[in-house]
Structures are given as structure tokens and as C-alpha cells.
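The values are calculated or read from the model by the stated rules, or taken from the named source; none is laboratory data. Quick caveat: nothing in here was measured; it's all calculated off a predicted structure. Positions of Cβ are generated from backbone atoms using ideal geometry, with glycine treated the same way; all protein chains shown enter the neighbour counts. Ligands, DNA and RNA are stripped out before the accessible areas are found, and what is left, the full protein with its side chains, is counted by its heavy atoms. Shrake-Rupley method; radii C 1.70, N 1.55, O 1.52, S 1.80 Å.
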Amino acid sequence: MERIYATYLIETPYEVEQAAAVLAGEQSSGTFVSVPGETDELKTRFAARVEHIEILDEVYKPSMPGDFIQGKVYKQAKVVVSWSVDNFGYNIPALISTLQGNLYELRQFTGLKLDDFELPNSYREHFRGPKFGMRGTKELAGVSPKRPMIGTIIKPSVGLTPDYTAELVKTLAEAGIDFIKDDELLTSSGNSPFAERVEKVMRVINQHADKTGKKIMYAFNITGDCRTMQTNYETVVNAGGTCAMVSINSVGWSSTKQICNWGGLSIHAHRNGWGMLNRHPFLGINFPAYDKIWRLAGVDQMHVNGIDNKFWESDDSVVRSIKSCHKPFLNSEAVLPVVSSGQWGGQAFETYNRTNTTDLLYMAGGGIMAHPSGPAGGVRALRQAWKSAVNGMTLEQAAQEYKEFGESVLKFGRKEVNAE
């Protein structure tokens with residue numbers, strides 16, 4: 001019988017074996033006591049099993065509200081639990097409800113986080129995964145496998161007209177940008193209606209492609225209800241676009257899968273709201289599990305924050321996320337890690353040193369748009385930084401070698417400067 005295995009990080013004042021058994025019971029039989037009809041045969045086939053327990057640490061203060069027992073030590077552990085595929089078949093919302101359902105409510109835990117999960121090979125027959133993925137997305141954007149995609153975000157997030165946005169896209173295209181996206185806060189606004197923005201931006205991109213042979217990838221934010229997203233998607237396709245952005249936490253798994261199933265555009269998955277799901281070390285979900293859920297839906301690009309980013313996430317967590325995007329999953333195409341949040345060329349060196357890869361989309365907002373030589377200078381500075389990093393140069397050497405990157409160091413190289 002095929003089984004699904006999930007790894008959790010837990011904290012409890014009870015014996016770990018006892019708490020893990022409660023977790024397994026809640027997420028299969030749904031009760032903590034035997035009930036009529038719950039036969040041994042039924043339990044053997046459908047009950048969740050605790051497969052492995054590894055004690056990690058002990059603390060004297062609970063991480064979250066739960067059962068407080070005076071004088072008790074709170075044990076932290078890694079626990080592996082498994083379920084039969086028969087419990088939910090190939091219904092991913094049902095799987096998510098099992099992996100992340102009422103267990104977060106259990107009073108026996110003062111910490112609980114889904115770290116990762118593994119699926120049996122039969123899932124390959126039911127889920128295509130990304131249509132374009134990492135390689136296909138870079139090909140759509142005309143980017144060599146030997147270098148990262150260089151991208152930016154239109155700023156300010158709201159307030160710009162379609163004409164101004166298109167003019168900015170023209171400047172960025174001429175500077176050699178690979179990728180541009182709407183901000184997640186912009187869908188269709190009073191001063192920038194979606195259809196008008198698509199029409200004017202794609203006119204610039206198509207003209208540039210006719211002239212140079214390179215088609216810039218622009219991620220239009222199609223986020224909305226299902227009907228709005230379908231209309232917006234079709235608008236992008238009809239204009240000759242290659243990418244759509246979706247705020248995946250806002251629209252949900254089923255809507256995201258429907259969008260990916262249409263198959264005509266590379267889907268840029270923005271994970272805004274990630275901190276709500278991950279920021280606490282003993283609550284929520286870690287990126288390896290999160291990434292797999294959305295890869296099953298079929299997204300092609302996934303945000304991972306960045307080295308020395310402007311948010312709370314550690315560099316170690318970002319590196320783990322990048323590697324998770326590249327890790328084979330059900331033999332499907334890797335997704336493209338989107339490195340962003342407070343990035344400029346200076347972080348390219350540590351990013352490359354720690355990941356040894358150029359298979360990513362490296363995005364800078366202010367790091368490009370606020371460059372002393374303008375957006376064109378910002379694009380050149382990022383290209384210079386990555387070329388230098390790959391060639392083994394130091395940041396200091398690159399700053400002396402390249403004018404635009406040197407200007408970036410002078411403006412963005414101080415810790416207190418927020419580059420996006």
C-alpha cells in the first residue's frame with residue numbers, strides 16, 4: 001500500500017511518543033478514543049502511523065500557547081508521520097487538509113511545523129507539474145543557461161499610468177533587462193486599467209522583439225476571482241505576452257492549478273503572506289513542503305527572498321529554498337527560484353558562492369530603478385555583478401573594474417540602505 005510521509009518539527013510538554021500519536025490520530029481517525037466501527041482492519045488500512053522520532057532539544061518556556069504544565073520541560077523533536085494514499089486519493093486540497101489541518105489546534109503542542117513531505121511515484125500519473133519550469137522560462141525570455149535572468153519590479157507599486165509604465169519598460173528593454181513584473185499590489189487600478197496596461201506594455205515589448213529578436217518577459221498580475229483571472233490571462237495571451245503573475249496565497253491551490261492548466265504562459269508565483277505561514281520557528285510550514293504543494297499545481301517560478309534581504313528571513317533559509325526549487329520532485333521540471341527583496345548587485349557574490357548556480361531570476365527594485373545612472377545603469381550593474389561573481393572576482397575588484405557596479409556600491413553598499 002502506497003504511503004505519504006510528512007516530517008514535522010514539534011514541541012510538547014508531554015512524552016513525544018504520546019504527542020505524536022495524538023497528531024496521527026487527529027489526522028486520520030479524527031478522534032482520540034476508539035469508536036464503534038473502528039475495526040483493527042480499518043486501522044491497519046487507514047490509520048496514520050508514527051514512523052520516526054528524533055529528539056532535538058529541551059526548553060523551559062513554551063514557544064506558543066498550549067498546555068502549560070508547571071515545572072515541565074518542553075521537548076522539541078522531529079517526527080515523521082505517514083498515511084495511506086487511500087485516505088485522500090489524488091485530491092491535493094484534501095492532502096493539504098491532512099498535512100496542515102486541525103493538528104495546529106491540538107493543545108498537546110506548543111510548537112508544530114510542517115517541514116517537508118514525500119509522495120509516492122503514482123502521483124506522477126496525475127500531476128504534470130510545471131509546464132515551463134526553470135529551463136522553459138529562461139528559454140522564453142531568451143536567457144542563456146549560463147547566466148541568471150535579470151529582472152525588476154515596476155515602482156512605485158501603484159499610481160503610474162500605462163503610458164508611463166510603457167515608457168519605463170522601453171528604457172529597461174533597451175538596457176538589456178530580461179524580466180519585468182507588476183507589483184503584487186497592482187492588479188487593475190483606476191489610473192492603470194489592466195487591459196490598457198497590457199496593450200501599451202506589450203506594444204513596446206513586441207516592437208523591441210521585432211527589432212532585436214529578444215522578447216522581454218513581463219509578468220502581468222492577473223490575480224482576482226476565477227472569472228477575472230481567466231479574462232486577464234486571455235488578454236495577456238492575445239497581446240503576445242509570455243508570463244502571468246499570481247498571488248498564490250490569495251487565490252488558493254485550486255485556482256492556481258486551473259491557471260497553470262491553461263498552459264500558455266509561464267506562471268510567476270508570488271508568495272506574499274509567506275511570513276504569516278513561516279516566520280515563527282515552530283508554527284506553520286517550511287519552504288520545502290510549501291514549494292512541493294505549488295509545484296503540484298504547476299507553477300513555473302517561485303519567490304524565495306534573497307541573501308541579506310530586507311525581510312526577517314535568514315540567509316540559510318533562503319539558500320535552502322533555492323535548493324528546494326532545483327531539487328527533483330516526481331521527476332518534474334525544476335521551478336525557477338525568484339531571488340528578490342532588497343537586492344542589488346552586491347548580494348550576487350554571496351548568492352553565487354552559497355548556491356553555485358545561475359539558474360535563478362535575480363530581481364532588484366530600487367537596486368535598478370534608483371541607480372545613480374538611472375534604470376539602464378542599474379541593469380548594467382547587475383549584469384556586471386553576476387559576471388564578476390561567476391568569474392571569481394570579489395565585490396571590491398568588480399567595483400573597481402566596472403563603472404555602474406562601482407556606483408551601486410557607493411549608493412547601496414551601506415547596511416542601513418534599503419535597496420528596494
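Computing FRET efficiency as 1/(1 + (r/R0)^6) for W312 and N356, where r is the C-beta to C-beta distance and R0 is 22 Å, gives about 0.30. For the pair H326 and Q70, label points projected 7 Å from Cα toward Cβ lie 5.4 nm apart. Working ranking of peptides 195-207, 226-238 by packing, defined as the average number of other Cβ atoms within 10 Å per residue, highest first, is 195-207, 226-238. Accessible surface computed residue by residue for region 276-401, with neighbouring protein chains in place and a 1.4 Å probe, gives 34 Å² per residue. Direction-averaged projected area, Cα convex hull, the chain: 22.6 nm², rounded to one decimal. Listed by chain and number, the lysines whose C-alpha is less than 29 Å from the C-alpha of K72, apart from same-chain residues fewer than 8 away, are K61, K113. In straight Cα distance, which aspartates and glutamates are under 15 Å from K75, not counting same-chain residues fewer than 8 positions off? Output for K75: E11, E15, E17, E54, D57, E58, D67. Rounded to the nearest 5, the antiparallel percentage of DSSP beta bridges internal to the chain is 50%. Can you list the residues of region 207-225 with backbone N under 19 Å from a point 7 Å past the Cα of K387, pointing along Cα to Cβ? So the set is 214.
For the chain, with all protein chains in place and a probe radius of 1.4 Å, 50% of the accessible heavy-atom surface sits on carbon or sulfur.
Between H52 and E174, the contour length at 0.36 nm per residue exceeds the Cα-Cα span by 38.3 nm.
For the pair region 101-158 / region 323-378, the C-alpha centres are spaced 15 Å from each other.
Charged neighbours of L330, selected by a Cβ distance under 9 Å, balance to +3 (K, R count +1; D, E count -1). A protection proxy built from the mean count of other Cβ atoms within 10 Å ranks the segments 114-124, 335-345, most packed first, as 335-345, 114-124. Taking each residue as 0.36 nm, the span from V319 to Q400 lengthens on full extension beyond its C-alpha to C-alpha distance by 26.3 nm. V390 sits among other residues whose Cβ lies under 15 Å from its own Cβ, and their net charge, with Lys and Arg +1 and Asp and Glu -1, is +2. Ranking A381, T7, S97 by how far each Cα lies toward the positive end of the dipole of the chain (charges on Cβ) leaves A381 at the top.
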